[in-house]
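The values are calculated or read from the model by the stated rules, or taken from the named source; none is laboratory data. Computed from a predicted model, the values in this text were never measured in an experiment. Virtual Cβ from ideal backbone geometry, glycine too; neighbours counted across all protein chains shown. Keep in mind that these areas ignore ligands, DNA and RNA; they rest on the heavy atoms of the full protein, side chains included. Shrake-Rupley method; radii C 1.70, N 1.55, O 1.52, S 1.80 Å.
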Amino acid sequence: MPDTTCSHLEAITTVKRAKRLECAECVKIDAQWVHLRTCQECGATLCCDDSPNRHATGHARASGHPVIASAEPGERWLYCYPDDAFAEY
Ligand SMILES: [Zn+2]
Ligand SMILES: [Zn+2]
Ligand SMILES: [Zn+2]
C-alpha cells in the first residue's frame, strides 16, 4: 500500500466488487451515471462525483461508510472519504 493509506484502507483485506454494473439509486429514478463505485462496508454500487446525482458520495455521507472502490472494469483502486486517501491494489 502507498504512504497515502489510512486505517480504513489498511483494514480492507478483500475488495468488494460490484454485483451489478449499475447505480442502484439511478435505476430507481431513471437517471444517468458516468462511473460506478462500490461501498466497501455494505457492497452498494452507486455513481461517482462526475455523475449528476453523486450517489456514492451521498451514501458515504449519509451512512458513514468510509471506503469505496472503483467498480469500473480494469480499475483497481480504493478511496477513503474521511481521510481523502487513495490506494491502488
Ligand atoms: Zn480512512
Ligand atoms: Zn446514481
Ligand atoms: Zn455502504
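Which GluC sites (Glu not before Pro) from region 1-77 combine a DSSP loop assignment with at most 13 other Cβ atoms within 10 Å? Those that pass, being in a loop and sparsely packed, are 75. Surface analysis of the chain yields an accessible area of 60 Å² per residue, using protein heavy atoms and a 1.4 Å probe. For residue 85, the amide hydrogen comes within under 5 Å of the amide hydrogens of 80, counting only partners 5 or more places away or on other chains and with H modelled in the peptide plane. Within the assembled protein chains, the solvent-accessible surface assigned to residue 54 is about 130 Å², based on a 1.4 Å probe.
Ranking of 29, 12, 68 by solvent-accessible surface, largest first: 29, 12, 68 (1.4 Å probe, protein heavy atoms only, all chains present).
Placing a pseudo-label 7 Å from each Cα along the Cα-to-Cβ vector at residue 28 and residue 72 gives an inter-label distance of 2.6 nm.
Using just the helices of the chain, give the 222 nm mean residue ellipticity in deg cm²/dmol: DSSP H runs with n ≥ 4 each add -39,500 (n - 2.57), and the total is spread over all residues, rounded to 500.
On the way: 3 runs with 19 residues, N = 89.
Computed ellipticity for the chain at 222 nm equals -5000 deg cm²/dmol.
Shown are 76, 37, whose ranking by accessible area with a 1.4 Å probe and every protein chain present, most to least, is 76, 37. Note on the chain: with charges restricted to the Cβ of Lys and Arg (+1) and Asp and Glu (-1), its dipole about the Cα centre is near 380 debye.
Which whole-number percentage describes the relative contact order of region 13-89, with Cα contacts under 8 Å and a sequence gap of 6 or more? List each step's numbers first, then the result.
Values: 155 pairs, mean separation 18.7, N = 77.
This gives 24 percent for region 13-89.
Just the protein heavy atoms count here, and of the accessible area of the chain at 1.4 Å, carbon and sulfur take up 47 percent.
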